[in-house]
Amino acid sequence: MLTLFTNRYQAFQPSQGVPVRITLGAPRFKLPYSLTHAVRELAPRRDYFSKPLAEFTAAYRADLDAFGAAWIAERLTAISKGQGDHRLVLLCFEDLSDPAQWCHRSIFAAWWKDVTGDEVRELGPRADRYEQTTLL
């Protein structure tokens, strides 16, 4: 069993699950938790990073399609099994408290739902449907 969530580095709490970096670069600020896992393939590439949302989304989803859900699930499951926790929290930098802000973790969540049928819940400010009992 694998349960995926998303959040930002600054808002993550260890009680949420296992933190997993999905950015090219690691945070340059001190974190109050250990960040030992990264899946760099889930980070957007530099060549489209600054593109408008529609172009960015198309390019990023194409990258995800190229890796495929089975390969991504295998990578994430290996982390989950190694940590003995089915809850992985995919982390990046963006603060989604501004409704106009968008981020690749949200695009990943939508893609994952489209290809696997499994929901990836945001634990940050847009967690309007999130229920605390989900973490247990």
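Just so it is clear, none of the values below were taken in a lab; they were calculated from the coordinates. Keep in mind the model is a prediction, meaning the values are calculated, not measured. Glycine also receives a Cβ, built like all others from the backbone with ideal geometry; neighbour counts cover every protein chain displayed.
Summary of computed values
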| quantity | calculated |
| --- | --- |
| Part-to-part distance (alpha-carbon centres) for segment 44-74 and segment 7-29, which is given in Å | 20 |
| Helix-only CD estimate at 222 nm, as mean residue ellipticity for the chain, using -39500 (n - 2.57) per DSSP H run (n ≥ 4) | -10000 deg cm²/dmol |
| Q10-K30 pseudo-label distance in nm [points 7 Å out on the Cα-to-Cβ vector] | 1.7 |
| J(HN,Hα) series, segment 32-38, from Karplus relation 6.51 cos²θ - 1.76 cosθ + 1.60, nearest Hz, glycine and proline x | x, 8, 8, 10, 9, 10, 9 |
| Point-charge dipole on Cβ atoms (K/R +1, D/E -1) for segment 3-135, about Cα centre, debye to 20 | 420 |
| Charge dipole (the chain, unit charges on Cβ, about Cα centre) - positive-most of P44, T3, P32 | P32 |
| Label assignment, Rg and Dmax of the Cα atoms in Å derived from the structure, set [x] 16.6, 55; [y] 14.0, 40; [z] 17.1, 51 | [y] |
| Cut-off under 5 Å, modelled amide H: who pairs with T6 long-range | L90, R121, E122, L123 |
